[in-house]
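A.B. asks: Structure provided below as structure tokens; questions to follow.
The values are calculated or read from the model by the stated rules, or taken from the named source; none is laboratory data. Keep in mind that what you see is a predicted model, and the values were worked out from it rather than measured. FYI the Cβ positions are ideal-geometry reconstructions off the backbone, even for glycines, and counts take in every protein chain you see. These area figures cover heavy atoms from the full protein model, side chains too; ligands, DNA and RNA do not enter into them. Shrake-Rupley method; radii C 1.70, N 1.55, O 1.52, S 1.80 Å.
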Amino acid sequence: QVHVVESGGGLVQAGGSLRLSCAASGRTFSRYHMGWFRQAPGKEREFVAAISWRDASTLYAESVRGRFTISRDNAKNTVYLQMNRLEPEDTAVYYCAADDSLATVVSGTADSWGQGTQVTVSS
């Protein structure tokens, strides 16, 4: 199991960009699939993006495809979420998740979760 900590959230105007980071501890980070989720006020947590450790293949929610990019740097034990063309509807707490099963990450039942970082997009 890895321990993950998110950072990089903040307040941004619509159309702007932010890059979230998720730093992981543990020597086996490179063998973990990683994902990002978000939860807006009054809504359930939803999948945003995931990246496989095997080939760095990526998955995206339809609502963010083409605007968000997930990437990972195994040397730095960090996964990123570059968010461009942000919309007020992207306002949420963003969470990082890690698991050795990609399906488990995508389903939202990963073993490891961070505390979240707030992203607020003003109109």
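A.B. asks: Out of all the residues in the stretch 44-77, which are closer than 27 Å to T28 by Cβ, of a type in the set (G, A, S) and open to solvent by 60 Å² or more (accessible area, probe 1.4 Å)?
C.D. replies: The answer is A75, and nothing else.
A.B. asks: Can you find a residue that is in a loop (DSSP other than H, G, I, E, B) and at negative phi anywhere in the stretch 68-82? Full working, then the answer.
C.D. replies: The initial filter retains those residues of the stretch 68-82 that are in a loop (DSSP other than H, G, I, E, B), namely 77.
Then drop every residue that is not at negative phi, which leaves none.
No: zero hits.
A.B. asks: Here's another thing I want to ask about it. Is there a residue in the stretch 100-119 that is within 14 Å of V4 (Cβ to Cβ), open to solvent by less than 70 Å² (accessible area, probe 1.4 Å), touching a strand residue (DSSP E or B) at 6+ places or on another chain (Cβ under 9 Å) and of a type in the set (D, E)?
C.D. replies: Residues of the stretch 100-119 within 14 Å of V4 (Cβ to Cβ): 100, 105, 110-117.
When the remaining residues are screened for being open to solvent by less than 70 Å² (accessible area, probe 1.4 Å), the result is 105, 110, 112-114, 116-117.
Now drop any that are not touching a strand residue (DSSP E or B) at 6+ places or on another chain (Cβ under 9 Å), which leaves 105, 110, 112-114, 116-117.
Subsequent filtering for residues that are of a type in the set (D, E) retains none.
Among the residues of the stretch 100-119, not one is within 14 Å of V4 (Cβ to Cβ), open to solvent by less than 70 Å² (accessible area, probe 1.4 Å), touching a strand residue (DSSP E or B) at 6+ places or on another chain (Cβ under 9 Å) and of a type in the set (D, E), which makes the answer no.
A.B. asks: Taking the criterion of being within 17 Å of A103 (Cβ to Cβ), open to solvent by less than 70 Å² (accessible area, probe 1.4 Å), in contact with a Phe, Trp or Tyr (Cβ under 8 Å, 6 or more places away or on another chain) and not charged (D, E, K, R), would at least one residue in the stretch 9-28 satisfy it? Steps first, please.
C.D. replies: Of the residues in the stretch 9-28, the ones within 17 Å of A103 (Cβ to Cβ) are none.
Looking through the stretch 9-28, none of the residues is within 17 Å of A103 (Cβ to Cβ), open to solvent by less than 70 Å² (accessible area, probe 1.4 Å), in contact with a Phe, Trp or Tyr (Cβ under 8 Å, 6 or more places away or on another chain) and not charged (D, E, K, R).
A.B. asks: Exactly one condition in (1) more than 18 Å from V121 (Cα to Cα); (2) outside any loop (DSSP other than H, G, I, E, B) is false for A110; which is it?
C.D. replies: Here A110 meets the rest and fails (2).
A.B. asks: With the requirement that a residue be surrounded by 15 or more Cβ atoms within 10 Å (Cβ to Cβ) and in a helix (DSSP H, G or I), what does the stretch 29-43 give you?
C.D. replies: Answer for the stretch 29-43, where residues must be surrounded by 15 or more Cβ atoms within 10 Å (Cβ to Cβ) and in a helix (DSSP H, G or I): just F29.
A.B. asks: What are the pairs with Cβ atoms under 7 angstrom where one residue, in the stretch 65-77, is touching a residue at least 40 places away in the same chain (Cβ under 8 Å) and the other, located anywhere, is surrounded by fewer than 19 Cβ atoms within 10 Å (Cβ to Cβ) and among the hydrophobic types (A, V, I, L, M, F, W, C)? Sequence gap at least six, or different chains.
C.D. replies: Close Cβ pairs satisfying both conditions: N77/A23.
A.B. asks: Got a sec? Which of V4, V12, V48 is out of contact with any Gly (no Cβ under 8 Å at 6 or more places or on another chain) and in contact (Cβ under 8 Å) with a residue 40 or more places away in the chain? Break it down into steps so the answer makes sense when it comes.
C.D. replies: On the way: V4 fails: out of contact with any Gly (no Cβ under 8 Å at 6 or more places or on another chain); V48 fails: out of contact with any Gly (no Cβ under 8 Å at 6 or more places or on another chain).
Going through V4, V12, V48 in turn, just one is out of contact with any Gly (no Cβ under 8 Å at 6 or more places or on another chain) and in contact (Cβ under 8 Å) with a residue 40 or more places away in the chain: V12.
A.B. asks: Does L86 satisfy being over 20 Å from Q1 (Cα atoms), open to solvent by less than 60 Å² (accessible area, probe 1.4 Å) and not in a helix (DSSP H, G or I)?
C.D. replies: Values: over 20 Å from Q1 (Cα atoms): yes; open to solvent by less than 60 Å² (accessible area, probe 1.4 Å): yes; not in a helix (DSSP H, G or I): yes.
Judged against the criteria, L86 is a match.
A.B. asks: Please state which of the following conditions Y95 fails to meet, knowing it meets all the rest: (1) of a type outside the set (D, E, K, R); (2) surrounded by 22 or more Cβ atoms within 10 Å (Cβ to Cβ); (3) in contact with a helix residue (DSSP H, G or I) (Cβ under 7 Å, 6 or more places away or on another chain).
C.D. replies: Among (1) of a type outside the set (D, E, K, R); (2) surrounded by 22 or more Cβ atoms within 10 Å (Cβ to Cβ); (3) in contact with a helix residue (DSSP H, G or I) (Cβ under 7 Å, 6 or more places away or on another chain), Y95 violates only (3).
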